[in-house]
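Participant: Dumping the structure here so I can ask a few things about it.
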Amino acid sequence: MVVGLASLLVAPGQAVLWGSIAFFAVYMGMSLWFFPRASSAFLDKHADLEDAPAWIIFLATIGLIVMAVVSLFQLVASHDPNSLQLIATGAAVPLGWLTVHAMAAHHYAYVYYAQPRGDARSKTGRDDSAGLQFPSGDRPDGIAFLYFSYVIGMTAQVADVNVTSREMQHLVLMHGIFSFFFNTVIVAATVNVVVSL
C-alpha cells in the first residue's frame, strides 16, 4: 500500500500497478520462506491458519488478469514507453502469475489437511479421503503443494497427482480454467507488446 501511495507522486497513472507489484513481491517473499519449511506435520496442525479462501483466490485471479491486460495494453498504447513503465509491466505479469499459484497452493494444503481422515482407501491402499494422492504415498509438505499448483498453472492439468474427492475436483477445475485464460491473455498481450515495439 505504501508503494502504491508513493507511486502516486512519481507515476500517478501507475499507482495500482506499483502497488500490485509490491503486494506480489511481499507475498512471494513470504511464500518462499514458508513453503520449504512447511512439513506435513506442520500443515496438518496449522493448515487452517494458512488458508486463503477460494473467493479471495478467485477475485485475486480476476484482478490479476485485468491488471495484466490493462498494464500490457497501456504499454502498447503509449507510443514512447519509458523504462520505468517497461520495468513495471515486465515485473507485474510474472509476479502476478507466481502469486496466484502460490495462493492456490496454500488453499490446496488447507483443503487437503482440513479433511477428516476416513476409511476411503484406494486399490493401492492409500488414503483417498484427503482429495489428493501424491505419487510418493507420503503426506505432502509445502513443496508438494507448490508443485501441484504450479503444474496446473503451467499446463492447466494435473500431472502425476491423482485428484480423489469431489471438492478437490471443483478446485482443480476452477484453477485449470483460470490458468488457461490467464496464460492465454498473457501470451496474446505479450505478442501485441512485442509487435508494437
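Since every read-out is calculated from the coordinates, none of them should be taken as a lab result. It should be emphasised that the depicted structure is a prediction, and the values quoted were computed from it without experimental measurement. Note: ideal-geometry Cβ built from the backbone for every residue, glycine included; neighbour counts use all protein chains shown.
Participant: Under the 0.36 nm per residue contour assumption, what length would be gained going from the current alpha-carbon distance of V70 and W33 to full extension? Intermediate values should be presented prior to the final figure.
Facilitator: Values: separation 37, 0.36 × 37 = 13.32 nm, distance 3.05 nm.
Result for the pair: 10.3 nm of gain on full extension.
Participant: Which order do the peptides 146-157, 96-107, 24-35 take when ranked by the mean count of other beta-carbon atoms within 10 Å per residue, highest first? Spell out each step's value before the answer.
Facilitator: On the way: 146-157: 18.9, 96-107: 23.3, 24-35: 15.3.
With the highest mean Cβ count within 10 Å placed first, the list reads 96-107, 146-157, 24-35.
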